[in-house]
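Encoded as structure tokens, the structure appears first; notes follow it.
The values are calculated or read from the model by the stated rules, or taken from the named source; none is laboratory data. Computed from a prediction, not measured in an experiment: that's the story for all the values here. Glycine gets a Cβ as well: all are built from the backbone with ideal geometry, and neighbour counts include every protein chain shown.
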Amino acid sequence: MTVVLVVGTRPNFMKAAPVARALRAHDAEVVVVHTGQHYDDAMAEVFFAELGVRPDVSLGVGSGSHSEQTARVMERLEPVLVERAPDLVLVPGDVNSTLAAALVAAKLGIRLGHIEAGLRSFDRTMPEELNRILTDAVSDLLFTHSPEARVNLEREGATGEIHEAGNTMIDTLAALLPRIEAEGAPARHGVEPGGYVVCTLHRPALVDGPLLAEALDALEDLARELPVVFPAHPRTRAAMGGHEVPGVHVTEPLGYLEFMSLVASSASRRRGSASFRRSSATMSGRLTTSRGGTATRRSGSRRRSSRRRRRCARERARARRQADARPARSRSGHARGGPRRRGLAARLPRAALAARAREQERARHRHRGHGLRG
């Protein structure tokens, strides 16, 4: 059996590494394709070295807009899949490389599996949310990381086979935990264990506009209480334009072992990444999420963020109500657990039946009234 495993960014590497090892342990031929969405040594090479998974094919797509990256991955991946003719293509996560590989596999008629299927934020302004939904829609095998993911997929009518695989990022963390504990990263960064905060910010909504200045102001306030170690994504560093924040130690991107060693000994983590949250879920310490305007201080931004959270909560509650209210159907199409509707009742929707019943009740009241006056 030949499996092509397509990765593009650092979170993909952590999700894919234990899967590649498990497949090879079962004598599968695994071809790792790195799209190059993260491409410099600090963002990719150090992760391959530490995780023990090397790419067999590199596409070198580099940076660009969402459409440009997606198109380049599709254009360069298709001949690889045609040549290799795999039995299965596996794609982890929710980045542009994930969606691009999923579309190519689906159009070539190759079975497709999605690692971390069913994850939802219920916020379609996030590019990752669109990537998740579309990838799940064309996948044959859906590997979920939580019970909620299965609920989301079933609610959306997913046609792929759902398998509860668990969080593979935790598999990576567990495998490397002894090396993480021996790393000693706090001393190298001049901070005391338990006496600092780790921060990461890189989502476009947060770093590509005015919200970045507000987030840095919030970090400056935080740094008055505890020193902040801030491994900065290249796009974040470019957006900062050399701006220095008092009390905030800005570093280059860190490797997996060094970064997780810092996280393990920190008093708190402040993140703009869902992958950071999931990969550090088993560690102690407080975690604060910064997404969109949630790390800002201005009242207007707080109101916008609060409205977004309330809207997403309403959407989730409405979806749950619809799922709960939807009756299970037998093969004959009738709702289980209740009597079959016959005759007119079988042809009219329930709303029309209710309106008809109300009209009949009003007619009976009118008739009784006329009888009394007569």
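For Ala22, state whether it is on the phi > 0 side of the Ramachandran plot and among the small types (Gly, Ala, Ser).
no
From the list Val91, Val104, which residue is crowded, with 19+ Cβ neighbours inside 10 Å and either free of Cβ contacts under 8 Å to residues at least 60 places away in the same chain or in contact with a Lys or Arg (Cβ under 8 Å, 6 or more places away or on another chain) (or both)?
Val104
Checking the conditions here, which among Ala215, Ala232, Ala239 is touching a strand residue (DSSP E or B) at 6+ places or on another chain (Cβ under 8 Å), crowded, with 19+ Cβ neighbours inside 10 Å and of a type in the set (Gly, Ala, Ser)?
On inspection, the qualifying residue turns out to be Ala232.
Conditions tested, residue by residue: (1) among the charged types (D, E, K, R); (2) assigned by TED's automatic domain parsing to the domain that holds Arg10; (3) assigned to a strand (DSSP E or B).
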| site | (1), (2), (3) |
| --- | --- |
| Glu83 | yes, yes, no |
| Val89 | no, yes, yes |
| Asp94 | yes, yes, no |
| Ser97 | no, yes, no |
| Ala106 | no, yes, no |
| Leu112 | no, yes, yes |
| Ile115 | no, yes, yes |
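Can you say whether Ser67 is surrounded by fewer than 14 Cβ atoms within 10 Å (Cβ to Cβ), of a type outside the set (Asp, Glu) and either touching a residue at least 60 places away in the same chain (Cβ under 8 Å) or not in a helix (DSSP H, G or I) (or both), as far as the supplied structure shows?
Here the answer is no, as Ser67 does not meet what is asked.
How about region 75-87: which of its residues are under 25 Å from the mean Cα position of the chain (by Cα) and crowded, with 19+ Cβ neighbours inside 10 Å?
Selection gives Arg76, Leu77.
All but one of (1) modelled with pLDDT of 95 or more; (2) buried (at least 16 other Cβ atoms within 10 Å of the Cβ) hold for Glu154; which doesn't?
With (1) modelled with pLDDT of 95 or more; (2) buried (at least 16 other Cβ atoms within 10 Å of the Cβ) applied to Glu154, the lone miss is (2).
Only one residue in Glu164, Glu181 is at pLDDT below 95 and either surrounded by fewer than 14 Cβ atoms within 10 Å (Cβ to Cβ) or hydroxyl-bearing (Ser, Thr, Tyr) (or both). Which one?
The match here is Glu181.
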